[in-house]
Amino acid sequence: MLDQLSTDVRVCLLSAARTRKYDRGATICVQGDPCRTLKIVKSGWVKQYRLSPSGNEAILATLGRGQSFDEIAALQGGTSPTSAQAVDGCEVILIDLSTICSCQNARHEITTAVLSAASGHINTMMDHIEQLKIKSGAQRLSEYLIDLSGCEGGFSELVLPYEKVLLAGKLGMKPESLSRAFGRLKTFGVASSHRRVTISDVSKLRAFAETQMA
């Protein structure tokens, strides 16, 4: 988001920002609470989620370095649409947008950047909903592992950035369903031990992920 701002506006905005460290499991914001700051993950991982009236947790996103949230709420002085929690020890940049800096075109630039970031979040959410509708759990896991590997084909070894319980929630599965999905992917050359995963041939896994389900 900050890349879309001119140098003057970006420097001015960051000069008033503060960085806060959160321990693992610490609450960053709570759904429905007044939102005074736009937040950017500087390091570590942040979990965004909502709670149903019955108390069930729906994980909406896991955010890493450079990703932002609460943009619209901070700009409009509204409330946080989700709760956020530190997955591990993390740092978050907090930017108060209530007093837009005095640089020329600052309000226009910041508003445009915020709307662009929010649009990106919506597109990501739509992609996630589409995957839930048309992909099996094993296929969604396959796509996640392929993206994490960053490889087009061949052997790949990677480490999951967070625990499998959180990964299951991110992919719209129960932990036991994720275990079954990993079991199914053994046929396609995927082996896992705790957070370490190996893929014998990424292209073979990709072919499975792109298979049309009946």
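The values are calculated or read from the model by the stated rules, or taken from the named source; none is laboratory data. Everything numeric here is computed off the predicted structure, so don't read it as measured data. Using ideal geometry, Cβ is built from the backbone for each residue, glycine included, and neighbour counts are taken over all protein chains shown. Areas reflect the complete protein model, heavy atoms only, side chains present, ligands, DNA and RNA absent. Shrake-Rupley method; radii C 1.70, N 1.55, O 1.52, S 1.80 Å.
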Any hit, region 127-142, residues being of a type outside the set (A, V, I, L, M), over 20 Å from residue 31 (Cα atoms), exposed (fewer than 15 other Cβ atoms within 10 Å of the Cβ) and over 16 Å from the mean Cα position of the chain (by Cα): yes
Residue that is farthest from residue 3 (Cα to Cα), among those in region 84-101 that are at pLDDT 90 or above and in contact with a Leu (Cβ under 7 Å, 6 or more places away or on another chain): 87
Which numbered condition residue 162 misses (of (1) of a type in the set (Ser, Thr, Tyr); (2) open to solvent by less than 40 Å² (accessible area, probe 1.4 Å); (3) over 30 Å from residue 14 (Cβ atoms)): (3)
Residues of region 171-182 that turn out to be buried (at least 19 other Cβ atoms within 10 Å of the Cβ) and not in a helix (DSSP H, G or I), as a count: 2
Cβ-Cβ under 6 Å pairs, at least 6 apart or on other chains, region 102-117 side farther than 11 Å from residue 4 by Cβ, far side open to solvent by less than 50 Å² (accessible area, probe 1.4 Å) and part of a helix (DSSP H, G or I): 103/9; 103/12; 106/9
Enumeration of residues in region 115-170 that are in a helix (DSSP H, G or I), under 17 Å from residue 64 (Cα atoms) and of a type in the set (Ser, Thr, Tyr): 124, 144, 149
In region 24-78, the residues that are outside any strand (DSSP E or B), loosely packed, with under 14 Cβ neighbours inside 10 Å and either acidic (Asp, Glu) or in contact with a Phe, Trp or Tyr (Cβ under 7 Å, 6 or more places away or on another chain) (or both): 33
Subset of region 1-33 [of a type outside the set (A, V, I, L, M, F, W, C) and under 17 Å from residue 68 (Cα atoms)]: 3, 4, 10, 18, 19, 20, 21, 22, 27, 31
Given (1) more than 23 Å from residue 112 (Cα to Cα); (2) under 13 Å from the mean Cα position of the chain (by Cα); (3) not basic (Lys, Arg), index of the condition residue 57 fails: (2)
